Structure formats: C-alpha cells, structure tokens
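What follows is a set of notes on a single structure, which appears directly below.
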Amino acid sequence: MPTSGLSGKQLPAQESWDMTLALEDAGKAKTLISAKHAAEYHQGEKKEILIDGGISVTIFGRDNAAPTRITAGRGIVHDNQDIEAFNDVVISAGDGTVVRTEHITRSNKDRMLRSDKYVTVTKPSQTIRGTGFESDEAMTRYKIFHASGEAVSK
C-alpha cells in the first residue's frame with residue numbers, strides 16, 4: 001500500500017484516464033509517465049498524483065543513452081517529482097538488464113532507484129537475488145544488499 005501523506009477520504013482535485021505526464025528539467029522531458037488512471041490530491045501546499053490501472057515510466061538518460069523503462073500496477077508521483085511504483089514492478093535497462101520487485105522509488109534529487117524489498121536482477125549471463133537494491137537510473141552501477149545468485153561461466 002502506498003504511504004501517502006494525504007487522506008484517502010479526500011476527493012481528488014482532478015482525475016485523468018489514459019494519461020501521459022512529462023516531468024521536465026530545464027524545458028526538456030526527462031521522464032514520461034503513462035497510466036490508465038491518475039488522481040491528483042492536494043493538502044495545503046502538498047500535491048500527489050496517485051496513478052493506477054497499469055503504469056509505465058520512461059526515464060531518459062544523458063547523451064542519448066537508451067532509456068530505462070519501469071512498469072508496475074500502480075504508483076505515486078510526489079510534488080518534488082519523486083516517483084514510487086508498486087505491484088509487479090519490472091525495470092528494463094538498455095543493456096538487457098531486468099529488475100523485478102514489488103516496490104521501487106526513484107529520487108528526483110539524486111536520480112537513483114531504490115528498493116528495500118526482495119529483488120531479482122537478470123542479465124544475459126547471470127541472475128542475482130537479494131533484499132535491498134540501489135542503482136543509478138541507467139542501471140549501469142547498482143548494489144544489491146543481502147545478495148545471492150548464479151552466473152554462467154564460459
């Protein structure tokens with residue numbers, strides 16, 4: 001369940017269906033979020049967008065690198081542009097690395113992906129499992145905490 005600071009009894013300020021949201025930095029799209037449904041909630045100055053019905057997040061890297069894609073059942077876009085994704089989260093990197101977990105956060109401040117849940121990282125020649133994960137958005141440098149795994153030797 002998302003840990004939203006907003007009341008579940010509150011009515012949304014606005015709702016959208018089959019929506020795409022672009023998060024920009026200096027006028028350039030850095031992240032695209034698509035969802036079947038989105039509801040925006042306000043509490044004072046705080047704003048959150050709850051997204052559900054299946055979501056897709058595309059994070060564009062630097063220097064035209066292949067984007068990182070995240071799919072999940074639902075998520076939250078916080079007013080500081082941090083993103084949380086829940087339920088059957090799959091992260092696919094341009095190099096073929098695939099991460100599966102139940103919850104991931106993407107920090108806008110340091111542009112890192114993190115999870116404290118069980119993760120499986122699959123590459124063409126190895127599978128690593130563990131609890132706890134941290135990576136840059138491009139999935140080029142990552143850490144798995146409490147890890148185990150298997151690799152194919154040649």
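The values are calculated or read from the model by the stated rules, or taken from the named source; none is laboratory data. All figures in this text were calculated on a predicted structure; none of them were measured in a lab. Cβ placement follows ideal geometry from the backbone for every residue including glycine, while neighbour counts extend to all protein chains displayed.
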Check on residue 74, crowded, with 16+ Cβ neighbours inside 10 Å, among the basic types (Lys, Arg) and closer than 28 Å to residue 26 by Cβ: no
When residues of the stretch 52-67 are limited to those that are modelled with pLDDT of 90 or more and under 12 Å from the mean Cα position of the chain (by Cα), the one surrounded by the most Cβ atoms within 10 Å (Cβ to Cβ): 57
Qualifying residue in the stretch 90-108 (condition: of a type in the set (Asp, Glu) and under 26 Å from residue 14 (Cβ atoms)): no
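Search the stretch 1-19 for residues being polar (S, T, N, Q) and outside any strand (DSSP E or B), and hand back the single one that is modelled with the lowest pLDDT.
Taking the stretch 1-19 as the starting set, the residues that turn out to be polar (S, T, N, Q) are 3-4, 7, 10, 14, 16.
If we keep only those that are outside any strand (DSSP E or B) as well, we get 3-4, 7, 10.
Working: 3: 51, 4: 53, 7: 47, 10: 78.
Among those residues, the one meeting the criterion is 7.
Just need a number here: residues in the stretch 71-86 that are part of a strand (DSSP E or B) and either more than 11 Å from the chain's Cα centre (by Cα) or touching a residue at least 40 places away in the same chain (Cβ under 8 Å) (or both). Before the answer, list the steps.
Initially, the stretch 71-86 is screened for residues part of a strand (DSSP E or B), giving 71-72, 74-78, 83-86.
If we keep only those that are either more than 11 Å from the chain's Cα centre (by Cα) or touching a residue at least 40 places away in the same chain (Cβ under 8 Å) (or both) too, we end up with 74-78, 83-84, 86.
Total meeting the criteria: 8.
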Single residue of 106, 114, 100 found to be charged (D, E, K, R), part of a strand (DSSP E or B) and under 16 Å from residue 60 (Cα atoms): 106
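Looking only at the stretch 20-51, count every residue that is at positive phi and either modelled with pLDDT of 90 or more or aliphatic (A, V, I, L, M) (or both) and tell me the total. Give the steps one after another, and end with the answer.
Filtering the stretch 20-51 for residues at positive phi gives 26-27, 44.
Now narrow it down to the ones that are either modelled with pLDDT of 90 or more or aliphatic (A, V, I, L, M) (or both): 26.
Final tally of qualifying residues: 1.
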Residue among 91, 144 that alone is at pLDDT 85 or above, out of contact with any Pro (no Cβ under 6 Å at 6 or more places or on another chain) and over 15 Å from residue 61 (Cα atoms): 144
